[in-house]
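K.L.:
Structure incoming, see below.
A short reminder: the numbers here are calculations on the coordinates, not readings from a lab. This is a predicted model, so every value here is computed, not measured. Here the Cβ positions follow ideal geometry from the backbone for every residue, glycine too, while neighbour counts run over all protein chains shown.
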Protein chains: 2
Amino acid sequence: MANLILALDAMSGDKGPHIIVPAALQALASNPQLRLLLVGIPEILNPLLADQRAELRDRLQIIPAEYAIANDMKPLQAIRQSKGSSMRIALELVKSGQAQACISAGNTAVLMGLAKLLLKTIHGIERPALTTILPNQKQGKTVVLDLGANVNCNSQMLVQFAVMGSVMAEEIAHISNPRVALLNIGEEESKGLDNIREAASILKATPSINYIGYVEGNELLTGKTDVFVCDGFAGNVTLKTMEGVIRVILSLVKSSTTENKISSWLMKLIKPWLQKRITKRFGHLDPDQYNGASLLGLQGIVIKSHGAANQKAFKAAIEQAIQAVEKQIPNRIATRLNTLLPKSD
Amino acid sequence: MANLILALDAMSGDKGPHIIVPAALQALASNPQLRLLLVGIPEILNPLLADQRAELRDRLQIIPAEYAIANDMKPLQAIRQSKGSSMRIALELVKSGQAQACISAGNTAVLMGLAKLLLKTIHGIERPALTTILPNQKQGKTVVLDLGANVNCNSQMLVQFAVMGSVMAEEIAHISNPRVALLNIGEEESKGLDNIREAASILKATPSINYIGYVEGNELLTGKTDVFVCDGFAGNVTLKTMEGVIRVILSLVKSSTTENKISSWLMKLIKPWLQKRITKRFGHLDPDQYNGASLLGLQGIVIKSHGAANQKAFKAAIEQAIQAVEKQIPNRIATRLNTLLPKSD
């Protein structure tokens, strides 16, 4: 692919340019067609780029911004005052077509609000949804949305998430006729919240969606469904819980102490080997490796990175953006929605 | 403790009396002061009790019921038609004082509705909450509520859950001045749903509650808070996600295959030992071992078992009921609420 240009909000996230710049250089090194627009304060970015290989430096352009939106600002206020911020400028580069996608590790609510304001949603989509693809127990992939962009969702929004998730499952995870399920607190039809029950009856009546019913939180990683649909509150809770449990288990294994000399000796012998095995088996669930949630439903590609992302994780978010550009996800969603929406003559 | 009498809804759960009767006998064997009222259809229960040791059989009485409430019945309809059901009779035994607590593995919504109808809530509590105690990474305990009894919660209900959870943490987990946090999708004050933000401001102004702020799903097992408060939808999602992730990881470890002969030989040698270690480290997170959620806030003790509980898990629920009786949890909650509620002269 010629001329793949992404804009990075280089000031965003807990560690800002100190992890974003090295991640950018790494992404440039592994993607020869990639060009990056690094949006941020030049005085901070320039020193981080000194002594870089000319071949990489040439494909990287600094786009000046005045400041970064602080993570703890109230979203409405942050959006109102966003002119000149690195996040806004990165989004404007997508809007003007100078970049094909942008990536930010900034505040989710602000990114969501600004993206909606500047890029607009696809016709038929009320609100964008934060979407990720998780590996599952069956060696497959599960598309999960919304992960926190919308804490209150009506039934129509859940149905729109189902459509967008199906397109992601088909295009990015290569699943044909992907199964779609709604997260609920039981499998019986009478369970849960009104919006979920309403969404279920709409999805049942939508032949182009392969709706299979409700799933509970314990099915997040089992591969029972290809698309896991929920409101942003529940989605954030289930994803964060998963991350927390994996971290606790990995840390317990790593820190395991031993009770007697023989097992201590044996443990010392096999521990490095064991750790490698565990990383190999569970590493694909490591937040660093699946970092980068797509803000689906916009007329443009926006990828949200974890605020706490490290270099490896931010690079994963850049790779996600590249994939989304290659697959033209917004166009595919728009096309799919056209087949579902009532035609106006 | 003399005369500890519990009523068991012996017809409830996926496997009904076939796991409940053996669990009951096991609980009797390990608790010499315990007496059990087995509520169910005598023709089904009697054969399961044949050839039992007289010493156990003597402390077990069958209380006839006509039928079991089916798990997939609509809650309102099930409650309306509940006369003669094993669940209702078990609750009535608590109401009349013939039993000090009851345990059911039946439908949560029906148990919740019937318990509220028959036993009434404690003065100051709008709705009971399903509560469990999870082990955490710091070798401590975390009280989590609500786990699914109330899908819609206003701020007052969340505050009441905080009070009840604090009492559980003090009495059952022996934590003095327990820290209380609200589950949210971020730690900033502006995050989340209105009811959560309102509950936060009430809790901040309540000196007898040690409120520490918001936590996210990834803190469920870290021990950052002693009491983890959420609405029933989010609570169910976080608990089920935790269970699902643990099951997936344990099954991945158990089924791990090996790539070459040397590691295959080594794996065969250490696999049983490794499995024992993992069970020892993570076994305390096994749903079988913490089964039994208290329906807190009622004028009586009601324990909900997992519908899918096996014998070991149902016995754990019986042990939970014994503890709740010994600690007089409903009285302690009522006393605590008295100190919080405005006095009427």
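K.L.:
Could you identify which residue out of B:Ile249, B:Ile333, B:Ile69 has the top mean-square fluctuation in a GNM of chain B using Cα springs shorter than 10 Å?
P.N.:
B:Ile249
K.L.:
Could you compute the net charge surrounding B:Arg332? Neighbours are other residues with a C-beta less than 13 Å from the C-beta of B:Arg332; K and R count +1, D and E count -1.
P.N.:
-1
K.L.:
Around B:Ile62, which amide H atoms from residues at least 5 apart in sequence, or from another chain, sit under 5 Å from its own amide H, with H modelled in the peptide plane?
P.N.:
B:Leu38
K.L.:
Can you show me the helix-derived [θ] at 222 nm for chain A, built from DSSP H runs with n ≥ 4 at -39,500 (n - 2.57) apiece and divided by the number of residues, rounded to the nearest 500. Intermediate results must be reported in sequence, preceding the final value.
P.N.:
Working: 13 runs with 160 residues, N = 345.
Helices in chain A give a 222 nm mean residue ellipticity of -14500 deg cm²/dmol.
K.L.:
Relative contact order for the range A:132-208: what percent, with Cα pairs under 8 Å and sequence separation of 6 or more? Write out the running numbers ahead of the final one.
P.N.:
Numbers: 60 pairs, mean separation 18.8, N = 77.
Relative contact order of the range A:132-208: 24 percent.
K.L.:
Same structure, new question: Sorted from largest to smallest, which semi-axis lengths in Å does the alpha carbon gyration tensor of the range A:1-149 give for its equivalent ellipsoid, taking the root of 5 times each eigenvalue?
P.N.:
On the way: eigenvalues 126, 91, 45 Å².
In descending order the semi-axes read 25, 21, 15 Å.
K.L.:
Once you average over the residues of B:208-217, how many Cβ atoms of partner chains fall within 10 Å of each Cβ? Kindly include the intermediate steps, with their values, before the conclusion.
P.N.:
Numbers: counts 0, 0, 0, 0, 0, 0, 0, 2, 8, 12.
Per-residue shielding by partner chains comes out at 2.
K.L.:
With just the Cα atoms of the range B:192-234, tell me how far they stretch along each of the three principal axes, in Å, largest first.
P.N.:
Computed over the range B:192-234, the largest-to-smallest principal extents equal 27, 22, 15 Å.
K.L.:
Thinking of the protein assembly as shown as a set of Cα atoms, what percent of all their pairs are more than 40 Å apart?
P.N.:
37 percent
K.L.:
Turning to a different aspect of this structure: What does the convex hull of the Cα atoms come to per residue for the range A:121-197, in Å³? Show your work: numbers first, answer last.
P.N.:
Values: hull volume 8.6 nm³, N = 77.
With only Cα atoms used, the range A:121-197 gives 112 Å³ per residue.
K.L.:
Each residue of the range A:171-184 in turn: what ³J(HN,Hα) in whole Hz from Karplus with 6.51, -1.76, 1.60 and θ = phi - 60°, glycine and Pro shown as x?
P.N.:
Calculated HN-Hα couplings, in order: 7, 9, 9, 6, 10, 8, 6, x, 6, 10, 10, 9, 5, 8 Hz.
K.L.:
Enter the mean number of other protein chain beta carbons within 10 Å of the beta carbon of each residue in B:227-237, as an integer. Show your work: numbers first, answer last.
P.N.:
Values: counts 0, 0, 0, 2, 1, 1, 12, 8, 2, 10, 15.
Across the residues of B:227-237, the mean count of other-chain Cβ atoms within 10 Å is 5.
K.L.:
Can you compute the equivalent ellipsoid semi-axes for the range A:33-82, i.e. the square root of 5 times each eigenvalue of the Cα gyration tensor, sorted largest first and rounded to whole Å?
P.N.:
Details: eigenvalues 163, 28, 12 Å².
Working from the Cα gyration tensor, I get semi-axes of 29, 12, 8 Å.
K.L.:
Taking the mean number of other Cβ atoms within 10 Å as a proxy for protection, how do you rank A:96-103, A:230-237, A:107-114, A:290-297 from highest to lowest?
P.N.:
Details: A:96-103: 20.4, A:230-237: 28.5, A:107-114: 25.0, A:290-297: 27.0.
Result, highest mean Cβ count within 10 Å first: A:230-237, A:290-297, A:107-114, A:96-103.
K.L.:
What average count of beta carbons from other chains do you get within 10 Å of the Cβ of residues in B:317-328?
P.N.:
Working: counts 0, 0, 0, 0, 0, 0, 0, 0, 0, 0, 0, 0.
Per residue, the average neighbour count from other chains is 0.
K.L.:
Around A:Arg127, under 15 Å between beta carbons, what's the net of Lys plus Arg minus Asp minus Glu among the other residues? The partial results should precede the final answer.
P.N.:
Working: positive: A:Lys116, A:Lys120, A:Lys304; negative: A:Glu126, A:Asp146, A:Asp231.
Its environment carries a net charge of 0.
K.L.:
Can you bin every Cα-Cα distance in chain B into 10 Å intervals starting at zero and give me the percent of pairs per bin, rounded to whole numbers?
P.N.:
Taking all Cα pairs of chain B, the binned fractions are 6, 25, 31, 23, 12, 4, 0, 0, 0 percent.
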